[in-house]
Amino acid sequence: MATFKDIEDSLKSFIVQEQSDAHNIKSINVAKYNNIKLWMDPARFVEPHIIIRISISEAVFSLKDFTKMNGGLGYEERFVNKWFGRIGIKEKLSELWASAEKNKEDK
């Protein structure tokens with residue numbers, strides 16, 4: 001089973017790769033992506049979701065269709081939306097949600 005750290009690393013690598021393929025390669029701030037944080041909060045949002053924080057920006061996305069439920073990520077949001085479409089991401093996030101729900105019930 002994937003961990004939040006695995007998913008964070010996947011998103012970080014994807015964003016850095018996407019930007020390195022662009023014409024603005026000189027303006028990539030790789031250190032900024034060391035602050036990527038992903039988590040779920042079933043007590044706050046009942047609908048299956050993922051919360052993503054990049055630097056000081058934060059957004060909540062539905063796991064059903066990856067629509068944004070709250071917040072915003074600015075420029076990086078387009079990379080996050082592309083990342084959601086990668087093979088296996090939805091399944092890994094769904095597994096993490098099931099685990100988060102189970103942990104909530106056990107408390």
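In region 87-103, the residue that is surrounded by the most Cβ atoms within 10 Å (Cβ to Cβ) out of those that are among the basic types (Lys, Arg) and either within 12 Å of the chain's Cα centre (by Cα) or modelled with pLDDT of 95 or more (or both) is Lys92. Of the set (1) without any contact (Cβ under 8 Å) to a residue 40 or more places away in the chain; (2) surrounded by fewer than 12 Cβ atoms within 10 Å (Cβ to Cβ), all apply to Ala43 but (1). Within region 66-89, residues that are within 14 Å of Val16 (Cα to Cα) have Cβ atoms under 7 Å from residues that are modelled with pLDDT of 95 or more and assigned to a strand (DSSP E or B) in these pairs: Glu77/Ala59; Val80/Ile52, counting only partners at least 6 apart in sequence or on another chain. So for region 46-64 (the condition being closer than 20 Å to Asp6 by Cβ, at pLDDT below 95, of a type in the set (Asp, Glu) and out of contact with any His (no Cβ under 8 Å at 6 or more places or on another chain)), does at least one residue qualify? Checking region 46-64: not a single residue is closer than 20 Å to Asp6 by Cβ, at pLDDT below 95, of a type in the set (Asp, Glu) and out of contact with any His (no Cβ under 8 Å at 6 or more places or on another chain). So, in region 37-80, of the ones that are among the polar types (S, T, N, Q) and touching a strand residue (DSSP E or B) at 6+ places or on another chain (Cβ under 8 Å), which residue ends up nearest to Glu101 (Cα to Cα)? Filtering first and then ranking leaves Ser62. When Ser20, Ser27, Ser10 are checked against the criterion of being hydroxyl-bearing (Ser, Thr, Tyr) and modelled with pLDDT of 90 or more, Ser10 stands alone in meeting it.
The values are calculated or read from the model by the stated rules, or taken from the named source; none is laboratory data. All values reported here derive from a predicted model rather than from experimental measurement. Methodologically, a virtual Cβ is constructed for each residue, glycine included, from the backbone with ideal geometry; neighbour enumeration extends over all protein chains shown.
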